[in-house]
Every structure is written in structure tokens, then in C-alpha cells.
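I'd like to ask you about the structure that follows.
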Amino acid sequence: MGVRLLYLARHGEQEHAEVESPEAGLTARGRRQATLLGERLRDLPLRAVHHGPLRRATETAELVAASLPDIPVYASELAGDHLPHDTDPAGLPPSYANLLAGYSAAERLDGPRVTAAAVARFATAPTDGDVRELVVTHSFLIAWLVRHALGAPERRWLGLNAHHAGLTVIRYSSAGPPSLIAFNDVAHLPPELRGTGLPADYRM
């Protein structure tokens, strides 16, 4: 058995952020965020880069991979933008309840199923030695994997917000429970590129 270091990054800032669209690519700031993230990861012995299929995740992964020329890059639906859990809205703040109400019955069924497959694929100790992988994904999956690593109640994925191009690292080993090493690390970004992707009143 080995150790998996799972590096998770949210995509860079996307165009028309107020209207989510599969076709939304990165803004100039988002491209710069992704480039700086790649430079941050340049010297890591990564086995692979995985990214979700939406354009903003694909473009982020491509810019990151420019600093990692020998690392294979794979598109994966497991790293896509899904509702990770069909959370009961009872007792939640209205903003969370309204968010959940926007998902269809099919999305409430399919999203958790894909997310469970993502956990099985990425959130386990490897059987073939030590592994380091990067997953370029979306805020919801990062929140779910952090919640999962901490053994927190299922509804606690709500309220975990990832910066654009922020870096989260989780360690998985057969010797014990997962360890959250870093969350929302943006040391690779200058101040003017930090805090994007968060509600305005969350920014410091």
C-alpha cells in the first residue's frame, strides 16, 4: 500500500460568472491564475492531471499542463460540476435551500452517483506505491472531498467555498484516516488575483 497526495484546484475565473454556462471560458485573470498555478506545481512528481469536461476546467488544465510537459492530462466526467449530495434543505439557511431547489430530480440523482464514483477513484489510498495527482475541478467537488476527508456531516459541504485556482491537498493512506494538508492555498497568486470565485462579502 502507498500514499496518495491528491491536489485539488478549482478552475480559474470564468467569463460571465453571473450566468453559469458549459461554454464559459476563462477571463484574462483566470488564464493568469491558471498559469501561476502551473508554475506553483512545476516541480511536483505528479502522475497525472485530471480535469472536468466543461470549458473553464479544460482551459485551466491546459494552462497548468504547459508547466508540466511530461505529465499526461485526462478529461473525466468524475471531475465535473455536479451536485454532490441530495441534501435535505430542512433547517438550512435560505440561501442554501434556494441553491438546492434549483436542481432537477435527475440532477439530484445523477450528481451524487458521479460524486460517489469520484470518491472511489480519487479519495483512497493507492495499491501501487505513492501517487500524486492533480484534479482541476469545481467548488462543489472540492467541498465534498474536504467534508469527506474530515468525516463531517454530509450537509457540511455547503459553505465550503473554493477560490479560483486555489489549491487544496488531501493525503490518503491505509495507515489512518485522510489528512487535510491544505485548503484554499493561494500563495501562488498575487493579491489582485485572490478571492475571485467567492461571494463579494467573503473576500478579505
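Return the Cα extents of segment 33-128 along principal axes one, two and three, sorted largest first, each rounded to a whole Å.
Sorted from largest, the Cα extents of segment 33-128 read 47, 33, 21 Å.
Can you work out the base-10 log of I(q)/I(0) for the chain at q = 0.09, 0.13, 0.17, 0.18 1/Å, using the Debye formula on its C-alpha atoms alone?
Normalising to I(0) and taking log10 leaves -0.32, -0.68, -1.20, -1.35.
What do the square roots of 5 times the Cα gyration tensor eigenvalues come to for segment 101-164, in whole Å, largest first, as semi-axes of the equivalent ellipsoid?
Result for segment 101-164: semi-axes of 23, 14, 12 Å.
Got a number for carbon plus sulfur as a percent of segment 27-66's accessible area, 1.4 Å probe?
C and S atoms contribute 49 percent here.
What share of all Cα pairs of segment 127-204, in percent, falls into each consecutive 5 Å distance bin?
3, 14, 22, 24, 18, 11, 5, 2, 1
So what is the 222 nm mean residue ellipticity for the chain from helices alone, if each DSSP H run of at least 4 adds -39500 (n - 2.57) and you divide by all residues, rounding to the nearest 500 deg cm²/dmol?
Value at 222 nm, helices only, nearest 500: -9500 deg cm²/dmol.
Now a separate question. Mind ranking 33-46, 169-182, 98-111, 70-83 by how tightly packed they are, going by the mean number of other C-beta atoms within 10 angstrom, highest first?
So the order, starting with the most tightly packed, is 33-46, 70-83, 169-182, 98-111.
Hey, what's the Cα Rg ratio for segment 19-85 versus the globular rule of thumb, 2.2 N^0.38 Å?
So the Cα radius of gyration is 1.13 times the expected 2.2 N^0.38 Å.
Can you tell me, using C-alpha contacts under 8 Å and at least 6 residues apart, the relative contact order of segment 1-75 as a whole percent?
33 percent.
Now a separate question. In Å², and per residue, what accessible area does the chain have when probed at 1.4 Å with the other protein chains present?
Here the per-residue accessible area is 48 Å².
Can you list the residues, at least 5 places off or on another chain, whose amide H is less than 5 Å from the amide H of V3, using H built in the peptide plane?
Placed amide hydrogens put D130, V131 under 5 Å from V3.
Using a 1.4 angstrom probe on heavy atoms only, work out the carbon and sulfur share of the accessible area of segment 82-173 in %.
Accessible surface attributable to carbon and sulfur in segment 82-173 totals 55 percent.
If you take the C-alpha gyration tensor of segment 148-191, multiply each eigenvalue by 5 and take the square root, what semi-axes do you get, largest first, in whole Å?
Largest first, segment 148-191 gives 23, 16, 5 Å.
Measure out, as a whole number of angstrom, how far apart the alpha-carbon centroids of segment 114-173 and segment 48-92 sit.
Each part reduced to its Cα centre gives a spacing of 11 Å.
The values are calculated or read from the model by the stated rules, or taken from the named source; none is laboratory data. Because the structure is a prediction, the values reported are computed rather than measured. Positions of Cβ are backbone-derived with ideal geometry, glycine not excepted, and every protein chain shown enters the neighbour counts. Surface areas here come from the heavy atoms of the whole protein model, side chains and all, with no ligands, DNA or RNA. Shrake-Rupley method; radii C 1.70, N 1.55, O 1.52, S 1.80 Å.
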